[in-house]
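For reference, the structure is listed below as structure tokens.
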């Protein structure tokens, strides 16, 4: 009798395991899959069409000419830096956190526009701002008028120094974000992941 009493609880245990594997786990997986797809659709639905990136031809910190045509096929994250280097460093530090999510990813480029200090090279300024990835993050020097034109008329940033824009691979501006809003910056990472064609690694 003792042996039979031991077998019955064991049978019940294994029946419970089989039931969980056959029924509960698949239902749970379907629920999370559905939840993930709904979340993905919501993220895509938040993207807008805010205009096309207009022409510019600017030099970056490596003395390379950067134009919109050269960015075609890339997702670009764009911000504008003030001439006050201490304020610019705070903003660059925020962008650097986003950069970490796409570091070494060929299809994502970061553009930071700045009115350069005539006493320094752009490379020196980039170093002071903590921009080290010169293949993926371009510091672009502009005139005051060009800085204003690009920020207001091309990228449509309402609050220029706190604004970030994201453009897709066809150079269509898809969304604007507040650089100081952690939730919006996190959402931007999700949005970029939705429009990046392939996560090719360098």
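One residue alone among 153, 181, 159 is without any contact (Cβ under 8 Å) to a residue 40 or more places away in the chain and more than 16 Å from the chain's Cα centre (by Cα), and that residue is 159. Just a yes or no: is a residue in the stretch 104-117 closer than 20 Å to residue 46 by Cα and touching a helix residue (DSSP H, G or I) at 6+ places or on another chain (Cβ under 9 Å)? Within the stretch 104-117, one or more residues are closer than 20 Å to residue 46 by Cα and touching a helix residue (DSSP H, G or I) at 6+ places or on another chain (Cβ under 9 Å).
Of 140, 111, 85, which residue is touching a residue at least 12 places away in the same chain (Cβ under 8 Å) and surrounded by fewer than 17 Cβ atoms within 10 Å (Cβ to Cβ)? Selected residue: 85, the only one of 140, 111, 85 that is touching a residue at least 12 places away in the same chain (Cβ under 8 Å) and surrounded by fewer than 17 Cβ atoms within 10 Å (Cβ to Cβ).
Of the listed requirements (1) touching a residue at least 40 places away in the same chain (Cβ under 8 Å); (2) within 15 Å of the chain's Cα centre (by Cα); (3) surrounded by fewer than 14 Cβ atoms within 10 Å (Cβ to Cβ), residue 165 misses just one: (3).
Laboratory data are not the source of any read-out in this text; all were calculated from the coordinates shown. Bear in mind the structure is a predicted one, so any value in this text is a computation, not a measurement. Cβ coordinates were reconstructed from backbone atoms using ideal geometry, including for glycine residues, and neighbour counts include every protein chain displayed.
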